[in-house]
């Protein structure tokens with residue numbers, strides 16, 4: 001588990017004010033079965049008392065192939081799905097599918 005605290009300002013000219021942030025990051029991975037593996041990571045914003053991001057990955061060994069499915073959700077609600085299949089002996093021989101959403105979040109600067 002990681003603990004991070006930072007704040008940032010830029011001197012001179014225009015600047016963006018970044019509020020102080022305190023986040024707790026957690027990552028775990030384990031094998032569900034001999035052929036299935038899971039990874040999960042998340043970030044919790046301790047100032048806002050809410051989860052900021054999530055990332056889940058499922059990986060499957062298919063004898064000569066490896067398959068992976070990933071889901072990511074960003075703090076602003078954007079998400080992405082990834083599906084990937086590749087030949088173990090020749091990783092350049094693969095199939096990728098990526099899908100993502102993009103929401104603009106405009107925050108006025110006081």
message: If you average 1/r across every pair of different Cα atoms in the stretch 34-98 and take the reciprocal, what Kirkwood value do you get, in Å?
response: 13.3
field: Cα-projected label distance for residue 102 with residue 44, points at 7 Å along beta-carbon direction, nm
entry: 3.3
query: Taking R0 as 25 Å, what's the FRET efficiency between residue 94 and residue 24 from their Cβ-Cβ distance, rounded to 0.05?
result: 0.10
field: Estimated distance in nm for a label pair at residue 62 and residue 79, the labels positioned 7 Å out from Cα along Cα-to-Cβ
entry: 2.3
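Each value in this text was obtained by applying a stated rule to the coordinates, not by laboratory testing. Please read these numbers as outputs of a predicted model, since none were measured by experiment. For neighbour counting, all protein chains shown are included, and Cβ atoms are generated from backbone atoms with ideal geometry for every residue, glycine included.
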